[in-house]
Each structure stands twice: as structure tokens, then as C-alpha cells.
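The values are calculated or read from the model by the stated rules, or taken from the named source; none is laboratory data. Everything numeric in this text was worked out from a predicted model, so none of it was measured. Note that each Cβ is placed from the backbone with ideal geometry, even for glycine, and that neighbours are counted across all protein chains shown. Accessible surface areas use protein heavy atoms only, side chains included; no ligands, DNA or RNA. Shrake-Rupley method; radii C 1.70, N 1.55, O 1.52, S 1.80 Å.
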Amino acid sequence: MKLLEVILYEVEMNMKTPFTTSLGTMQNKKFIVLEAKDEAGTIGWGEGVAFEEPSYTEETFKTSLHMLEDFLIPTLLGTEMAHPDEVYEIFRPIRRNQMAKASIEGAVWDIYAQQQNKSLAEVIGGTQQKIEVGISIGLQPTEEQLIATIGRFLDEGYKRIKVKIKPGKDIELIRTIRNAFPNVPLMADANSSYTLNEIELLKQLDEFNLMMIEQPLANDDFVDHATLQKHIKTPICLDESITSLNDARKAIEAGGCRVVNIKIARVGGISEAKRIHDYCAEKNIPVWCGGMLEAGIGRAQNVALTSLGNFTMPGDTAASSRYWDEDIITPEVTVDNGYITVPQAIGLGYQVNRNALEKYTIKKRIFSI
Ligand SMILES: O=C(O)CCC(=O)c1ccccc1C(=O)O
Ligand SMILES: [Mg+2]
């Protein structure tokens, strides 16, 4: 296979409700859609999910555009590939920029799955026919609103609740939630807002029977997380710190995490996400699929990835309607009683809704050879 044409769409969609973390608030999402065409005319879709601000990781919407236009698309156009795993190797000389790389790698996987007459889930080795889903809830203006929001999502069937915490909104917040929902599978995500100076405070979280605490310390750290894990019973899950298989290996060897949140975009694509999954399975480290407020294409990839066997904990891939009034795929991703059924249709398993895509596109460019 080789790509002959890539269409880059800059897209903007308003979110139904703002999403707030210790990093800030998002009300709308600018993202990238890539439509790649190979020499047989097969079309594959990818999504670039980096946020507009470099607060979650260093990448942004604009750095992704720069990397794609000036390096990644020109490198890939016309390059013969036998398997999508080769994309990661082809991009190896280009440092980091995982989200930009993942956006085009996903389109190659979509084309490959179609060539194999298989669904994306099947072609990557997925075995689970339906996946258990949880939901990530941002910081809310009041505790009353948080409790009401959690209750609403539990009524919708979500299997685990993840809430955001930050210094000053932590122990008492979790206590309030636990009092209201004593038995709900619950976890907290700090998005790197603590340091080891707060170790005594973080120890207090042990009394709430949390499934895990996600990324309490610095985004680029394994060592301090290992120290913290020695002092707390709650399992540490790493998100921001894991940007590659090597990161996962080092973090696990150091004792810096007992659970891994895998995000396709953060690790440079589906191939590396699968390698991290396989490595964690070998080490008995459970994994789950994190989210980047994806629109339909990214969401569809998450569903396929989560069908791999070691995704044993509910992830953050909620229904399309979690964030969007209208998604850019049909059918939209739906959640039934806390489960998403993994589609069996070939390729992504969902069709891109071109009318919706055009409606939300602010700019479009064509690259070809
Ligand atoms: O619902 C989603 O897509 C994930 C929401 C989420 O938790 C999140 C949203 C924005 C930035 C970082 C994170 C995170 O997983 O840490
Ligand atoms: Mg996180």
C-alpha cells in the first residue's frame, strides 16, 4: 500500500458542556481529520486530537498541523508499506510529536483493515465483542452539581466514575462522593497537579477504596511516582507519563504504576498502543483506554483498541453524545447499559458523515503526489 493523496480538514465543534480539569477548561474542540487515499482508491480516516493549548502534553492543534504539513504527510506520501506497523518505523527519525503521528497512522490502519476485509478491531487482534465503559467527569462549580452529574451518568449505565481532583479539591470532595455513592467503582485523576510534598495528603485517599489514582505527579516522572506508590495503597495509574512502550516498561520496572491508561494519540498510534497493551498483559498490569474528547473517528479507534483482551477496566470512551450534539460518524457511538458493542463492519466500523464533517470544517487542504 502507498498513500497518493491526503486531505487535511481543520474542524471545530462546540462541546455540549464545558470540561474542566486542573489544567483548565475546554468549551469547544478544534481537531484535525485526515482523509487518506491509497493507489487502489481505498479511503482511510484519521483524527488529530491534540488540544489547542500545550497543558496536557506539549503538543497542540497547531503543532500537529505543522508536523503533518511539513514532515509527516510528505514523508508518507508515495512510501510503499506492507503493514501499518511500518508507519511508526518510518516516523522514527522524527522526534516525538506522537499525536500528529498517530493521526495519520490511524488512517493507514483503516485502509489496511479494509484491504484485509476485516474490522479494525479484528485486524489488530481484538477479542472482546462488547466493552465496558466508564466516564470522566470534569471539576464542577459545586459539590451538589458534581453529585448530580455522577448520579445522572450512573443512571445512564456507566460502569465506573472518574473525577478530576486538584489541590484544594481533593480529600473532602472524594469523601462527599463516597458518602453519596458508597459502592460505585470510583477513581480520581489529578493531571499532574501534586508533588511529593503533598505525600501526607495523598495518603489520606487510601481510606476511600478508589480503584486507582491517575497521574498524581509530574507529567514526565516515573521516579517520584515509584516513591509515592511505596507510601500509598491506592494503585497509581499513569497517563501523561506514558508516551511509548519504553516509558511503560520503565515505569512498571521502577514500580511507578500498577495500571496504565493507554491513549492511542499520546503514544504515537495504534501499533504502539497495541505493543503497550501486550507488554502490560505479560506483566499482569491491567490497562484501560483513556480519552482526548474525541470526535467519531478517534472514538471508533478507541472502541477497536479496547476490544484487545487486557483492557479489563472500563475506559473513558463514552457515547458520542457525551460531548457532541452531532458526531461526524454514522451511526454514532452509543452506550447501552454501560457497554459499547464493538462493530463488525470492515474498517473503522462506522461511516464518516461527510455532511457533518463539511459543516464543522473551517479549512481544508489537499496534499498529493
Ligand atoms: O472523556 C474523555 O475523552 C477524557 C477526559 C479526560 O479525562 C481528559 C480530558 C482532557 C485532558 C485530559 C484528560 C485525561 O484523561 O487526563
Ligand atoms: Mg488522565
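Restricting the range 14-34 to residues that are touching a strand residue (DSSP E or B) at 6+ places or on another chain (Cβ under 8 Å) and of a type in the set (A, V, I, L, M), which is farthest from ligand 1 (Cβ to nearest atom)?
If we filter the range 14-34 for residues that are touching a strand residue (DSSP E or B) at 6+ places or on another chain (Cβ under 8 Å), which is where we start, we get 14-15, 18-22, 25-34.
Keeping just the survivors that are of a type in the set (A, V, I, L, M) gives 15, 26, 32-34.
Working: M15: 10, M26: 7, I32: 16, V33: 17, L34: 19 Å.
Once the filter is applied, the top-ranked residue is L34.
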Among the candidates K2, K16, residue that is more than 18 Å from the chain's Cα centre (by Cα), surrounded by fewer than 24 Cβ atoms within 10 Å (Cβ to Cβ) and within 30 Å of D170 (Cβ to Cβ): K16
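Listed here are the residues, each with its yes/no results for (1) within 16 Å of ligand 1 (Cβ to nearest atom); (2) surrounded by 17 or more Cβ atoms within 10 Å (Cβ to Cβ); (3) in a loop (DSSP other than H, G, I, E, B).
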residue: T127; (1), (2), (3): no, no, yes
residue: P141; (1), (2), (3): no, no, yes
residue: I150; (1), (2), (3): yes, yes, no
residue: R178; (1), (2), (3): no, no, no
Some residue of the range 45-54 being away from ligand 1 (no atom under 12 Å from the Cβ), open to solvent by 30 Å² or more (accessible area, probe 1.4 Å) and assigned to a strand (DSSP E or B): no
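Scan the range 229-239 and tell me whether some residue there is within 16 Å of ligand 1 (Cβ to nearest atom), open to solvent by 10 Å² or more (accessible area, probe 1.4 Å), within 21 Å of the chain's Cα centre (by Cα) and within 19 Å of A273 (Cα to Cα). I'd like the intermediate steps shown before the answer.
From the range 229-239, those within 16 Å of ligand 1 (Cβ to nearest atom) are 236-239; that's our starting set.
Filter once more, keeping what is open to solvent by 10 Å² or more (accessible area, probe 1.4 Å): none.
No, the range 229-239 contains no residue that is within 16 Å of ligand 1 (Cβ to nearest atom), open to solvent by 10 Å² or more (accessible area, probe 1.4 Å), within 21 Å of the chain's Cα centre (by Cα) and within 19 Å of A273 (Cα to Cα).
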Residues of the range 190-221 classified as part of a loop (DSSP other than H, G, I, E, B) and either away from ligand 2 (no atom under 16 Å from the Cβ) or not assigned by TED's automatic domain parsing to the domain that holds D170 (or both), total: 2
Answer residue from the range 157-176, given it is crowded, with 22+ Cβ neighbours inside 10 Å and among the aliphatic types (A, V, I, L, M) and is farthest from ligand 2 (Cβ to nearest atom) among those: I161
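Look at S321 and say whether it is polar (S, T, N, Q), within 23 Å of K164 (Cβ to Cβ) and more than 16 Å from ligand 2 (Cβ to nearest atom).
So S321 fits the description; yes.
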Residue in the range 55-65 that is outside the structural domain of K164 (by TED's automatic domain parsing), modelled with pLDDT of 95 or more, assigned to a strand (DSSP E or B) and out of contact with any Gly (no Cβ under 7 Å at 6 or more places or on another chain) present: no
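Considering only residues of the range 201-228 that are of a type in the set (S, T, N, Q) and more than 12 Å from M187 (Cα to Cα), which is least open to solvent (accessible area, probe 1.4 Å)?
Within the range 201-228, the first condition is being of a type in the set (S, T, N, Q), and the residues that meet it are 204, 209, 215, 219, 227.
From what is left, the residues that are more than 12 Å from M187 (Cα to Cα) are 204, 219, 227.
Details: Q204: 85, N219: 76, T227: 50 Å².
Filtering the range 201-228 for residues that are of a type in the set (S, T, N, Q) and more than 12 Å from M187 (Cα to Cα), the one least open to solvent (accessible area, probe 1.4 Å) comes out as T227.
This table checks each residue for (1) in contact with a helix residue (DSSP H, G or I) (Cβ under 9 Å, 6 or more places away or on another chain); (2) within 21 Å of R178 (Cβ to Cβ).
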position	(1), (2)
N197	no, no
Q204	yes, yes
H225	yes, no
K230	no, no
T234	yes, yes
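I'm checking my understanding of the structure. Among residues of the range 231-266 that are among the acidic types (D, E) and within 30 Å of V108 (Cα to Cα), which one is nearest to ligand 2 (Cβ to nearest atom)? Explain how you work it out, then say what you get.
Within the range 231-266, the first condition is being among the acidic types (D, E), and the residues that meet it are 239-240, 247, 253.
Filter once more, keeping what is within 30 Å of V108 (Cα to Cα): 239-240, 247.
Working: D239: 4, E240: 7, D247: 15 Å.
By that ranking, first place goes to D239.
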Selected residue [out of contact with any strand residue (DSSP E or B) (no Cβ under 7 Å at 6 or more places or on another chain), in contact (Cβ under 8 Å) with a residue 60 or more places away in the chain and surrounded by 15 or more Cβ atoms within 10 Å (Cβ to Cβ)] from D38, D85: D85
